[in-house]
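Down below is the structure, laid out as structure tokens.
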Amino acid sequence: MRPLACLLLLFAGCGPASRAPGPLPRGVAWVPRGSPWEVGPLPVQVLDLSEGELEAPLPLRLHAPAAPGTWAVVQFQHGFTADVRTYGVMLAHLASHGFVVVAPQMYPADGIPLGKPWAAWEAEDAAAVAGWSARHAAAAVGSASTGAPLSLVGHSRGGKVAWLVAKAGRVPLSGLVGVDPVDGTGSALLAAQAEALPGPVEGLPRSLVIGMELGGACAPEGDNHAHFFERTSAPTRHAVVAGHGHGDMLDPEVGTGGLCLEGPDKDRARATVAGLVTAQLRAWLYADDSTNAALGTAAGAPLEVALDAR
């Protein structure tokens with residue numbers, strides 16, 4: 001009878017696996033420990049959901065602590081035409097420090113720039129994912145959420161998307177992190193889209209803007225991390241990683257096809273970026289004062305980091 005029942009219930013969903021899990025009871029929240037520059041103490045699991053599975057609005061990849069617990073939730077927005085799978089090392093680093101990280105695949109990652117959604121449309125989809133993340137992400141991996149509003153992290157155009165979501169004000173957020181964010185218009189070839197920050201914007205959530213010194217054509221002046229820091233309301237931090245490029249935080253086997261400038265030590269660049277993000281998220285979502293040195297002086301960072309704040 002089971003196959004017949006599934007056939008009859010095709011449009012309603014078959015069995016509990018098609019429905020998003022309800023929140024699990026909260027326990028004692030994680031107390032972070034260890035250096036943010038190093039991989040954390042928690043083993044990590046990876047869960048892939050197809051669109052519609054557990055009511056996921058888009059295909060999702062989740063990195064989370066492998067053991068059940070009570071964790072804070074973070075959402076990561078990939079760069080233009082990028083594949084969320086190419087950020088695996090960095091996202092696993094975050095999860096190992098006690099975060100459930102939801103990474104939506106916003107559109108097919110075929111590397112072709114034409115035919116992709118505008119950033120504004122992408123932000124609408126990201127907001128829908130954020131609603132799902134806040135309600136269901138922790139339970140999807142067998143854990144509970146701390147209940148704190150999620151933080152949005154975005155690389156390249158994903159940073160622009162994160163800021164657009166914040167500007168819309170429909171999603172409660174603990175903070176914003178831009179990883180070498182780019183606010184480009186895409187030129188006439190890509191329909192000359194509007195900037196997220198055409199001028200200074202007040203009332204945004206607290207933020208961290210991470211820049212890579214070698215932005216080049218992939219993160220040009222006028223559209224790059226400095227643009228975000230200058231136009232984002234306080235409190236905000238600015239951290240620029242010396243001597244490395246726009247894609248140097250991607251996984252070791254991933255290249256940018258010569259499109260972006262690259263630095264000499266991607267392993268240390270990746271650890272530096274992941275450490276900065278981890279430190280800030282620990283400070284925001286777990287009230288972890290032990291990360292003050294990492295955020296204020298970049299003490300112990302694998303690479304030199306120039307810091308500013310207001």
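Among the residues of the range 258-310, those that are within 30 Å of residue 145 (Cα to Cα) and assigned to a loop (DSSP other than H, G, I, E, B) comprise 286, 287, 288, 298, 301.
Looking across the range 272-289, the residues that are more than 17 Å from residue 90 (Cβ to Cβ) and touching a Lys or Arg at 6+ places or on another chain (Cβ under 8 Å) come down to 284, 288. Out of the residues in the range 224-267 that are in contact (Cβ under 8 Å) with a residue 24 or more places away in the chain, in contact with a His (Cβ under 8 Å, 6 or more places away or on another chain) and among the charged types (D, E, K, R), which is nearest to residue 182 (Cα to Cα)? Within the range 224-267, the match that is nearest to residue 182 (Cα to Cα) is 262. Remark: pairs (first residue in the range 17-35, surrounded by 10 or more Cβ atoms within 10 Å (Cβ to Cβ); second residue among the acidic types (Asp, Glu) and at pLDDT 90 or above; Cβ separation under 6 Å; 6+ apart in sequence or on different chains) = 20/55; 32/288. Within the range 73-86, can one find any residue that is free of Cβ contacts under 8 Å to residues at least 40 places away in the same chain, at positive phi and either surrounded by fewer than 18 Cβ atoms within 10 Å (Cβ to Cβ) or outside any loop (DSSP other than H, G, I, E, B) (or both)? Yes. Given the structure, is residue 203 at pLDDT 95 or above and surrounded by fewer than 20 Cβ atoms within 10 Å (Cβ to Cβ)? For residue 203, the condition - at pLDDT 95 or above and surrounded by fewer than 20 Cβ atoms within 10 Å (Cβ to Cβ) - is met.
Listed here are the residues, each with its yes/no results for (1) surrounded by fewer than 24 Cβ atoms within 10 Å (Cβ to Cβ); (2) touching a residue at least 12 places away in the same chain (Cβ under 8 Å); (3) not in a helix (DSSP H, G or I).
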{"residue": "92", "(1), (2), (3)": "yes, yes, no"}
{"residue": "100", "(1), (2), (3)": "no, yes, yes"}
{"residue": "111", "(1), (2), (3)": "yes, yes, yes"}
{"residue": "114", "(1), (2), (3)": "yes, yes, yes"}
{"residue": "127", "(1), (2), (3)": "yes, yes, no"}
{"residue": "139", "(1), (2), (3)": "yes, yes, no"}
{"residue": "162", "(1), (2), (3)": "no, yes, no"}
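Scanning the range 206-223 for residues that are aliphatic (A, V, I, L, M) and either surrounded by 23 or more Cβ atoms within 10 Å (Cβ to Cβ) or free of Cβ contacts under 8 Å to residues at least 12 places away in the same chain (or both) yields 208, 209, 210, 212, 219.
Applying a threshold of 8 Å to beta carbon distances and a minimum spacing of six or more residues, or different chains, the list of pairs starting in the range 142-155 at a residue that is more than 11 Å from residue 205 (Cβ to Cβ) and at pLDDT 95 or above and ending at one that is of a type in the set (Phe, Trp, Tyr) and surrounded by fewer than 20 Cβ atoms within 10 Å (Cβ to Cβ) is empty. Residue-level check: of (1) in a helix (DSSP H, G or I); (2) aliphatic (A, V, I, L, M); (3) surrounded by 22 or more Cβ atoms within 10 Å (Cβ to Cβ), residue 226 misses just (3).
The values are calculated or read from the model by the stated rules, or taken from the named source; none is laboratory data. Since the model is a prediction, treat every value here as computed from it, not as a measurement. Every residue, glycine as well, gets a Cβ built from its backbone with ideal geometry; the counts of neighbours run over all protein chains shown.
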